[in-house]
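Asker: Take a look at the following structure, please.
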Amino acid sequence: MKLSTKGRYAVMALADLASRRSDRPVPLAAIAASQNISQEYLEQLFARLRRAGLVESVRGPGGGYRLARKPDEIFIIDIIQAADEPLQVTRCADGDGVVGCQNGEACITHELWSALSRQICSFLSHITLGDVIERRNLALAAEVRRTSALTPHSRQTDAASTRDETAAPVRDMAE
């Protein structure tokens, strides 16, 4: 599976920010030191996270970043997508398609890797930043959200419950 440092570092940095449990802005230097990530790299990531509406920036003395939403409202897939990180398990040149798979045709294991990619994206679409920082049982949290989203009479109170399980996430990461 290809998940480079962009996606992982973005999740790590937002988990660090969320775990501080403060409405005060946190300087990137503090997150960089805490996570052992270069501040310059974080600046690039946080520009993307800000454009995606996941963080807010505060300028001036005492400035920095804070979450734009509550940790339980930020899904891990959204962080990875904001970092512009493709999640790709297949070797296909176009992600989940067949171009470049094997002479322009799907290889014999294509559906296996494609299905795995969809499962990973589905799992990350049901895990929140809050789940991570609260050290909840992630498999259980994902299953509860997935099940409540499928229950016809369940109250749809969170973003996960409004997601259509048959539809691709905001941007299909398996492409």
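Asker: If you take the residues of the stretch 72-118 that are more than 24 Å from LEU42 (Cβ to Cβ), among the aliphatic types (A, V, I, L, M) and at pLDDT below 75, which of them is nearest to the chain's Cα centre (by Cα)?
Answerer: VAL89
Asker: Could you please give the count of residues in the stretch 36-51 that are part of a helix (DSSP H, G or I), surrounded by 15 or more Cβ atoms within 10 Å (Cβ to Cβ) and either touching a residue at least 24 places away in the same chain (Cβ under 8 Å) or among the β-branched types (Val, Ile, Thr) (or both)?
Answerer: 6
Asker: Is the stretch 91-99 home to any residue that is touching a helix residue (DSSP H, G or I) at 6+ places or on another chain (Cβ under 8 Å), part of a helix (DSSP H, G or I) and among the hydrophobic types (A, V, I, L, M, F, W, C)?
Answerer: Checking the stretch 91-99: not a single residue is touching a helix residue (DSSP H, G or I) at 6+ places or on another chain (Cβ under 8 Å), part of a helix (DSSP H, G or I) and among the hydrophobic types (A, V, I, L, M, F, W, C).
Asker: So, one more: Among the residues of the stretch 3-16, is there at least one that is part of a strand (DSSP E or B), β-branched (Val, Ile, Thr) and either in contact (Cβ under 8 Å) with a residue 12 or more places away in the chain or over 18 Å from ILE79 (Cα atoms) (or both)? Give the derivation first.
Answerer: Of the residues in the stretch 3-16, the ones part of a strand (DSSP E or B) are none.
Within the stretch 3-16 (the criterion being part of a strand (DSSP E or B), β-branched (Val, Ile, Thr) and either in contact (Cβ under 8 Å) with a residue 12 or more places away in the chain or over 18 Å from ILE79 (Cα atoms) (or both)), the answer is no, since none of the residues qualifies.
Asker: Cβ-Cβ under 6 Å, sequence separation 6+ or interchain: first residue in the stretch 125-146 and closer than 14 Å to ARG21 by Cβ, partner among the aliphatic types (A, V, I, L, M) and buried (at least 16 other Cβ atoms within 10 Å of the Cβ). Which pairs?
Answerer: Listed by first residue and then by second, the contacts come to LEU129/LEU14; LEU129/ALA18; LEU129/ILE74; VAL132/ALA15; ILE133/ALA15; ILE133/ALA18.
Asker: Here's a check for you: in the stretch 52-71, which residue that is in contact (Cβ under 8 Å) with a residue 24 or more places away in the chain, closer than 22 Å to ARG135 by Cα and surrounded by 15 or more Cβ atoms within 10 Å (Cβ to Cβ) is farthest from the chain's Cα centre (by Cα)?
Answerer: Checked the stretch 52-71; the qualifying residue farthest from the chain's Cα centre (by Cα) is ARG66.
Asker: Take SER22 and decide whether it is loosely packed, with under 15 Cβ neighbours inside 10 Å, of a type in the set (S, T, N, Q) and farther than 28 Å from SER122 by Cβ. First the steps, then the outcome.
Answerer: Working: loosely packed, with under 15 Cβ neighbours inside 10 Å: yes; of a type in the set (S, T, N, Q): yes; farther than 28 Å from SER122 by Cβ: yes.
The answer is yes for SER22.
The values are calculated or read from the model by the stated rules, or taken from the named source; none is laboratory data. This is a predicted model, so every value here is computed, not measured. Backbone-built Cβ (ideal geometry, glycine too); neighbour counts: all protein chains shown.
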